[in-house]
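Here is the structure we will look at.
The values are calculated or read from the model by the stated rules, or taken from the named source; none is laboratory data. Since we're looking at a predicted model, the values are computed, not measured. Backbone-built Cβ (ideal geometry, glycine too); neighbour counts: all protein chains shown.
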Amino acid sequence: MTAAARGGAPEGGRYGEAVFRPEQAGENDRIDFGALAYDDITMARLRSLGAGPGWRCLDVGAGTGTVSRRLLGEAGVESVLAVDRDVRFLGERPVPGLELLEADISTPGFTSGRFHLVHARFVLMHLAEHERLITALAELVAPGGVLVLSDAVDLTSDRTPSTPYTTAMRAMWQGLRASIGTDVSWVPSYPHLLRAAGLMPVAADLHVPALQPGSPISRFWADTWERSRPAMLATGRVDDAAIDEAVRYLDSDACSSLSAGMLTAWGWQPEQGTVV
Ligand SMILES: C[S@@+](CC[C@H](N)C(=O)[O-])C[C@H]1O[C@@H](n2cnc3c(N)ncnc32)[C@H](O)[C@@H]1O
């Protein structure tokens, strides 16, 4: 059993150490390509759940802070506490109402207080102990508030036609799992896990952005493969030429593959006195 499977740090270190180091040039651009692909979907969901004036929000693993800033600027929430293990990108563009906390969310008690909205996107999939973390995040939601989790869902299957894209993606998921412990296999269980954490009602939806040449999601995957290339090569599933071919394929009209999707699940903290 690997260290990650036991709940400890994976062999290659954690997110931001072996792979996706924030000090590596362009890591903020990679995160922003993901944000460009998904921010409108995320914001529509958060606003439909009620995020607006008077809400105190916690954005966990906030990255470059695009969602935190849009919550303040567009939705008009009262405040956002943006937490990340490295806040260098968050500090670049301060806005009123945005508070920063540099912390590892795996550390028990990394923050205190209760929030109307607790949001984590593309974070928990990279961390071990996801069930404990979901319970810990649920405890930070005020009565009547909502926990919103988004992570990737791999939509390839045994029947998926083999393309340069699917070959690269399979190597990427396997390589990230072996190096930093990334595991998306349990993401479809989110609604169940939110319910198990005492939230009710819960619901979820799925968004799959179109893989088109030059699109933010295509550029995101190409950049992600570049940064995880050593981990992908270590799987033995691909060589450098296969990764290069997959990057060219993504940027060509021959591309006919389905991107990984973003599952968003949400669950409400019952008002005090509600039987759950
Ligand atoms: C893929 S990025 C997603 C950023 C942002 N949530 C978004 O969707 O645009 C993952 C972020 O989680 C942060 N992160 C990873 N592990 C963390 C941890 N243990 N504690 C706090 N932040 C963490 C990373 O530093 C990075 O900024």
Consider region 120-139. How many of its residues are in contact with a helix residue (DSSP H, G or I) (Cβ under 9 Å, 6 or more places away or on another chain), more than 12 Å from the ligand (Cβ to nearest atom) and not aliphatic (A, V, I, L, M)?
2
Has region 248-255 got any residue that is within 17 Å of residue 151 (Cβ to Cβ) and either within 23 Å of the chain's Cα centre (by Cα) or of a type outside the set (Gly, Ala, Ser) (or both)?
no
With respect to residue 256, is the statement that it is touching a Ser or Thr at 6+ places or on another chain (Cβ under 8 Å) and among the hydroxyl-bearing types (Ser, Thr, Tyr) true?
yes
Select from region 44-82 the residues that are touching a Gly at 6+ places or on another chain (Cβ under 7 Å) and under 18 Å from residue 122 (Cβ atoms) and list them in ascending order.
80, 82
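Among the listed residues 213, 230, 209, which satisfies the condition of being at pLDDT 95 or above and either part of a strand (DSSP E or B) or within 17 Å of the chain's Cα centre (by Cα) (or both)? Outline the logic, then answer.
Working: 213 fails: either part of a strand (DSSP E or B) or within 17 Å of the chain's Cα centre (by Cα) (or both); 230 fails: either part of a strand (DSSP E or B) or within 17 Å of the chain's Cα centre (by Cα) (or both).
On inspection, the qualifying residue turns out to be 209.
Does residue 182 qualify as being buried (at least 18 other Cβ atoms within 10 Å of the Cβ) and not in a helix (DSSP H, G or I)? Walk me through how you get there before you give the answer.
Numbers: buried (at least 18 other Cβ atoms within 10 Å of the Cβ): yes; not in a helix (DSSP H, G or I): yes.
So residue 182 passes the test.
When residues of region 100-119 are filtered for being away from the ligand (no atom under 14 Å from the Cβ) and either of a type in the set (D, E, K, R) or surrounded by fewer than 19 Cβ atoms within 10 Å (Cβ to Cβ) (or both), how many remain?
Of the residues in region 100-119, the ones away from the ligand (no atom under 14 Å from the Cβ) are 112-116.
Of the ones still in play, those that are also either of a type in the set (D, E, K, R) or surrounded by fewer than 19 Cβ atoms within 10 Å (Cβ to Cβ) (or both) are 112-114.
Summing the residues that are away from the ligand (no atom under 14 Å from the Cβ) and either of a type in the set (D, E, K, R) or surrounded by fewer than 19 Cβ atoms within 10 Å (Cβ to Cβ) (or both) in region 100-119 gives 3.
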Quickly run through region 166-187 and pick out the residues that are within 16 Å of residue 153 (Cα to Cα) and touching a strand residue (DSSP E or B) at 6+ places or on another chain (Cβ under 6 Å).
184, 187
Can you tell me which residue among 122, 20 is among the aromatic types (Phe, Trp, Tyr), surrounded by fewer than 21 Cβ atoms within 10 Å (Cβ to Cβ) and under 20 Å from residue 137 (Cα atoms)?
122
Kindly provide the set of residues from region 120-139 that are in contact (Cβ under 8 Å) with a residue 12 or more places away in the chain and assigned to a loop (DSSP other than H, G, I, E, B), ordered by number.
122, 123, 127, 128, 129
Report, by residue number, each residue of region 15-70 that is within 18 Å of residue 93 (Cβ to Cβ), of a type in the set (Gly, Ala, Ser) and within 12 Å of the ligand (Cβ to nearest atom).
34, 35, 61, 62, 63, 65, 68
Return yes or no: is residue 219 part of a helix (DSSP H, G or I) and either closer than 23 Å to residue 21 by Cβ or touching a residue at least 24 places away in the same chain (Cβ under 8 Å) (or both)?
yes
